[in-house]
1. With r as the distance between the Cβ atoms of S2 and R152 and R0 = 30 Å, compute the FRET efficiency 1/(1 + (r/R0)^6) and round to 0.05.
2. I need to check one value: relative contact order of the chain, counting alpha carbon pairs closer than 8 Å and at least 6 residues apart, in percent.
3. Any idea what the dipole of the chain comes to, in debye rounded to 20, about its Cα centre with Lys/Arg Cβ at +1 and Asp/Glu Cβ at -1?
4. Gaussian network model of the chain, Cα springs within a sub-10 Å range: biggest mean-square fluctuation belongs to which of A109, A123, A90?
5. If contacts are Cα pairs under 8 angstrom and at least 6 residues apart, what is the relative contact order of the stretch 114-224 in percent?
6. In the stretch 3-76, carbon and sulfur make up what percent of the accessible area (probe 1.4 Å)?
7. Mind checking which of G161, G147, G50 has the largest fluctuation in a GNM of the chain, springs on alpha carbons under 10 Å?
8. Just in the stretch 145-224: which trypsin sites (Lys or Arg not before Pro) are loop by DSSP and have at most 14 other Cβ atoms within 10 Å?
Amino acid sequence: MSDITRMAAVAALLGDPARARILTALLDGRALTAKELAFAAHVSPQTTSGHLARLTDATLLACEKQGRHRYFRLASPLVGQMLESVMAVAGPEPPRTGSWRGGEALRTARTCYDHLAGRLGVALADSLHAAGHVTLAADGGEVTGSGLVFLRDFGAEPPPGKRVFCRPCLDWSERRPHIAGRVGAALATRCLELGWIARQRDSRAVTITAEGQSGFAERFGIRL
(Lines give C-alpha, C1' and ligand atoms only; values in the text may rest on other atoms or scores of the structure.)
Protein backbone atom coordinates (compact mmCIF):
# COMPACT_ATOMS: atom_id res chain seq x y z
CA MET A 1 0.00 0.00 0.00
CA SER A 2 1.45 3.37 -1.03
CA ASP A 3 1.82 6.38 1.25
CA ILE A 4 -1.02 8.13 -0.58
CA THR A 5 -3.30 5.13 -0.17
CA ARG A 6 -2.53 4.84 3.54
CA MET A 7 -3.15 8.55 4.05
CA ALA A 8 -6.48 8.29 2.23
CA ALA A 9 -7.45 5.29 4.36
CA VAL A 10 -6.75 7.16 7.61
CA ALA A 11 -8.61 10.23 6.32
CA ALA A 12 -11.61 8.02 5.50
CA LEU A 13 -11.63 6.71 9.07
CA LEU A 14 -11.62 10.25 10.44
CA GLY A 15 -14.40 11.22 8.05
CA ASP A 16 -17.07 9.37 10.02
CA PRO A 17 -18.55 11.55 12.82
CA ALA A 18 -18.91 8.64 15.26
CA ARG A 19 -15.28 7.58 14.80
CA ALA A 20 -14.18 11.20 15.10
CA ARG A 21 -16.06 11.45 18.43
CA ILE A 22 -14.40 8.25 19.67
CA LEU A 23 -10.93 9.55 18.88
CA THR A 24 -11.66 12.96 20.36
CA ALA A 25 -12.95 11.39 23.58
CA LEU A 26 -9.52 9.78 24.00
CA LEU A 27 -7.52 12.95 23.34
CA ASP A 28 -6.88 13.50 27.04
CA GLY A 29 -4.78 10.34 27.21
CA ARG A 30 -7.27 8.26 29.21
CA ALA A 31 -8.26 4.69 28.39
CA LEU A 32 -12.02 4.14 28.08
CA THR A 33 -14.25 1.10 27.71
CA ALA A 34 -16.35 0.36 24.65
CA LYS A 35 -19.48 1.29 26.62
CA GLU A 36 -18.05 4.69 27.53
CA LEU A 37 -16.99 5.29 23.93
CA ALA A 38 -20.43 4.31 22.64
CA PHE A 39 -21.90 7.03 24.85
CA ALA A 40 -19.33 9.54 23.55
CA ALA A 41 -19.96 8.54 19.92
CA HIS A 42 -23.77 8.74 20.24
CA VAL A 43 -24.19 5.33 18.59
CA SER A 44 -25.17 1.83 19.73
CA PRO A 45 -22.69 -0.56 21.36
CA GLN A 46 -22.87 -2.82 18.30
CA THR A 47 -21.98 0.04 15.95
CA THR A 48 -19.23 1.18 18.31
CA SER A 49 -17.71 -2.30 18.28
CA GLY A 50 -17.31 -2.12 14.52
CA HIS A 51 -15.76 1.34 14.69
CA LEU A 52 -13.31 0.25 17.40
CA ALA A 53 -12.24 -2.73 15.35
CA ARG A 54 -11.50 -0.57 12.32
CA LEU A 55 -9.63 2.05 14.33
CA THR A 56 -7.58 -0.64 16.08
CA ASP A 57 -6.76 -2.41 12.81
CA ALA A 58 -5.53 0.94 11.45
CA THR A 59 -3.26 1.30 14.54
CA LEU A 60 -5.01 4.50 15.58
CA LEU A 61 -6.17 2.84 18.80
CA ALA A 62 -4.54 0.39 21.18
CA CYS A 63 -6.56 -2.08 23.25
CA GLU A 64 -5.70 -3.37 26.72
CA LYS A 65 -7.64 -6.12 28.51
CA GLN A 66 -8.09 -6.04 32.28
CA GLY A 67 -10.34 -8.70 33.72
CA ARG A 68 -13.62 -8.74 31.82
CA HIS A 69 -13.11 -5.28 30.39
CA ARG A 70 -11.23 -4.01 27.38
CA TYR A 71 -9.86 -0.48 27.47
CA PHE A 72 -9.08 1.60 24.41
CA ARG A 73 -6.61 4.48 24.15
CA LEU A 74 -4.89 6.40 21.37
CA ALA A 75 -2.11 4.23 19.98
CA SER A 76 0.56 6.92 20.29
CA PRO A 77 1.08 10.66 20.84
CA LEU A 78 1.34 10.99 17.05
CA VAL A 79 -2.36 10.16 16.77
CA GLY A 80 -3.17 12.95 19.21
CA GLN A 81 -0.94 15.34 17.26
CA MET A 82 -2.74 14.41 14.04
CA LEU A 83 -6.17 15.02 15.59
CA GLU A 84 -5.15 18.38 17.05
CA SER A 85 -3.71 19.42 13.68
CA VAL A 86 -6.90 18.43 11.84
CA MET A 87 -8.93 20.47 14.33
CA ALA A 88 -6.63 23.44 13.80
CA VAL A 89 -7.07 23.24 10.02
CA ALA A 90 -10.83 22.77 10.30
CA GLY A 91 -11.11 25.65 12.76
CA PRO A 92 -13.63 26.16 15.56
CA GLU A 93 -17.30 26.48 14.70
CA PRO A 94 -18.15 30.15 14.00
CA PRO A 95 -19.73 31.77 17.07
CA ARG A 96 -23.45 32.39 17.00
CA THR A 97 -23.93 34.27 20.24
CA GLY A 98 -20.62 36.05 20.67
CA SER A 99 -19.05 33.21 22.71
CA TRP A 100 -16.76 30.51 21.42
CA ARG A 101 -18.78 27.43 20.55
CA GLY A 102 -16.22 25.02 21.98
CA GLY A 103 -16.95 26.23 25.51
CA GLU A 104 -14.89 28.73 27.44
CA ALA A 105 -13.63 26.10 29.90
CA LEU A 106 -12.27 23.98 27.04
CA ARG A 107 -10.69 26.98 25.38
CA THR A 108 -9.12 28.28 28.60
CA ALA A 109 -7.34 25.08 29.64
CA ARG A 110 -7.51 21.51 28.39
CA THR A 111 -5.34 18.50 27.76
CA CYS A 112 -4.07 17.59 24.31
CA TYR A 113 -3.22 13.92 24.81
CA ASP A 114 -0.87 14.29 27.81
CA HIS A 115 0.17 17.95 27.60
CA LEU A 116 -1.61 21.26 28.23
CA ALA A 117 -3.42 23.20 25.53
CA GLY A 118 -5.79 26.12 25.17
CA ARG A 119 -4.97 29.56 26.52
CA LEU A 120 -3.05 28.06 29.41
CA GLY A 121 -0.90 25.81 27.22
CA VAL A 122 -0.09 28.64 24.81
CA ALA A 123 0.66 31.01 27.71
CA LEU A 124 3.09 28.48 29.19
CA ALA A 125 4.88 28.23 25.85
CA ASP A 126 5.03 32.02 25.55
CA SER A 127 6.35 32.40 29.09
CA LEU A 128 9.09 29.79 28.69
CA HIS A 129 10.08 31.27 25.33
CA ALA A 130 10.19 34.83 26.67
CA ALA A 131 12.40 33.70 29.55
CA GLY A 132 14.83 32.06 27.14
CA HIS A 133 14.08 28.57 28.46
CA VAL A 134 12.54 27.13 25.29
CA THR A 135 12.82 27.88 21.59
CA LEU A 136 10.07 26.75 19.23
CA ALA A 137 10.26 26.62 15.46
CA ALA A 138 8.13 25.10 12.73
CA ASP A 139 10.36 22.03 12.55
CA GLY A 140 10.83 21.38 16.28
CA GLY A 141 11.62 22.71 19.72
CA GLU A 142 14.64 22.96 21.99
CA VAL A 143 15.15 23.46 25.72
CA THR A 144 18.07 25.73 26.55
CA GLY A 145 20.56 25.24 29.38
CA SER A 146 18.65 27.65 31.59
CA GLY A 147 15.46 25.83 30.64
CA LEU A 148 16.80 22.50 31.85
CA VAL A 149 17.69 24.11 35.18
CA PHE A 150 14.24 25.72 35.41
CA LEU A 151 12.42 22.46 34.68
CA ARG A 152 14.52 20.59 37.23
CA ASP A 153 13.89 23.23 39.91
CA PHE A 154 10.19 23.22 39.09
CA GLY A 155 10.03 19.44 39.43
CA ALA A 156 9.19 18.91 35.77
CA GLU A 157 12.42 17.41 34.45
CA PRO A 158 11.36 15.11 31.57
CA PRO A 159 12.20 11.43 32.04
CA PRO A 160 14.41 9.70 29.46
CA GLY A 161 12.71 7.94 26.57
CA LYS A 162 12.50 7.51 22.82
CA ARG A 163 9.64 9.98 22.44
CA VAL A 164 10.36 13.42 20.97
CA PHE A 165 11.83 15.61 23.72
CA CYS A 166 10.24 18.95 22.88
CA ARG A 167 8.14 20.10 19.94
CA PRO A 168 5.51 22.70 19.11
CA CYS A 169 1.91 21.54 18.70
CA LEU A 170 -0.45 23.90 16.90
CA ASP A 171 -3.30 24.75 19.24
CA TRP A 172 -6.59 24.34 17.39
CA SER A 173 -8.49 27.01 19.34
CA GLU A 174 -5.72 29.59 19.73
CA ARG A 175 -3.96 29.03 16.37
CA ARG A 176 -0.58 29.29 18.08
CA PRO A 177 1.76 26.60 19.42
CA HIS A 178 1.77 25.00 22.82
CA ILE A 179 4.49 22.60 24.00
CA ALA A 180 4.24 18.87 23.37
CA GLY A 181 6.65 15.96 23.67
CA ARG A 182 8.23 14.80 26.91
CA VAL A 183 8.64 18.40 28.07
CA GLY A 184 4.96 19.19 27.60
CA ALA A 185 3.93 15.98 29.35
CA ALA A 186 6.25 16.67 32.30
CA LEU A 187 4.86 20.19 32.73
CA ALA A 188 1.27 18.93 32.72
CA THR A 189 2.07 16.15 35.19
CA ARG A 190 3.79 18.58 37.55
CA CYS A 191 0.89 21.06 37.45
CA LEU A 192 -1.49 18.22 38.35
CA GLU A 193 0.80 17.12 41.20
CA LEU A 194 0.93 20.66 42.59
CA GLY A 195 -2.85 20.90 42.45
CA TRP A 196 -2.65 23.88 40.10
CA ILE A 197 -5.06 22.22 37.70
CA ALA A 198 -7.74 19.58 38.15
CA ARG A 199 -9.33 17.35 35.55
CA GLN A 200 -13.00 17.89 34.79
CA ARG A 201 -15.18 14.81 34.59
CA ASP A 202 -16.01 13.57 31.10
CA SER A 203 -14.14 16.44 29.48
CA ARG A 204 -10.68 17.37 28.23
CA ALA A 205 -11.06 20.68 30.03
CA VAL A 206 -9.07 21.22 33.21
CA THR A 207 -9.88 23.67 35.97
CA ILE A 208 -7.27 26.14 37.14
CA THR A 209 -7.51 26.04 40.93
CA ALA A 210 -6.96 28.91 43.36
CA GLU A 211 -3.47 27.52 44.00
CA GLY A 212 -2.94 27.42 40.28
CA GLN A 213 -4.00 31.02 39.78
CA SER A 214 -1.33 32.21 42.19
CA GLY A 215 1.22 29.59 41.14
CA PHE A 216 1.02 30.33 37.43
CA ALA A 217 1.20 34.06 38.16
CA GLU A 218 4.27 33.78 40.40
CA ARG A 219 6.23 31.18 38.42
CA PHE A 220 5.25 32.02 34.85
CA GLY A 221 3.64 35.47 34.95
CA ILE A 222 0.41 33.94 33.63
CA ARG A 223 -2.91 35.52 34.60
CA LEU A 224 -5.97 34.13 32.86
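The values are calculated or read from the model by the stated rules, or taken from the named source; none is laboratory data. In this text the structure is predicted, and so the values were computed from the model without any measurement. Backbone-built Cβ (ideal geometry, glycine too); neighbour counts: all protein chains shown. Keep in mind that these areas ignore ligands, DNA and RNA; they rest on the heavy atoms of the full protein, side chains included. Shrake-Rupley method; radii C 1.70, N 1.55, O 1.52, S 1.80 Å.
1. Working: r = 45 Å, r/R0 = 1.51.
Rounded to the nearest 0.05, the efficiency is 0.10.
2. 17
3. Working: 28 positive and 21 negative charges, 116 e Å.
Dipole about the Cα centre, nearest 20: 560 debye.
4. Highest fluctuation among the options: A90.
5. After rounding, I find 27 percent.
6. Details: 2410 of 4240 Å².
Carbon and sulfur: 57 percent of the exposed surface of the stretch 3-76.
7. G161
8. Details: sites: R152, K162, R163, R175, R182, R190, R199, R201, R204, R219, R223; in loops: K162, R163, R175, R201, R204, R223.
The qualifying sites are K162, R175, R201, R223.
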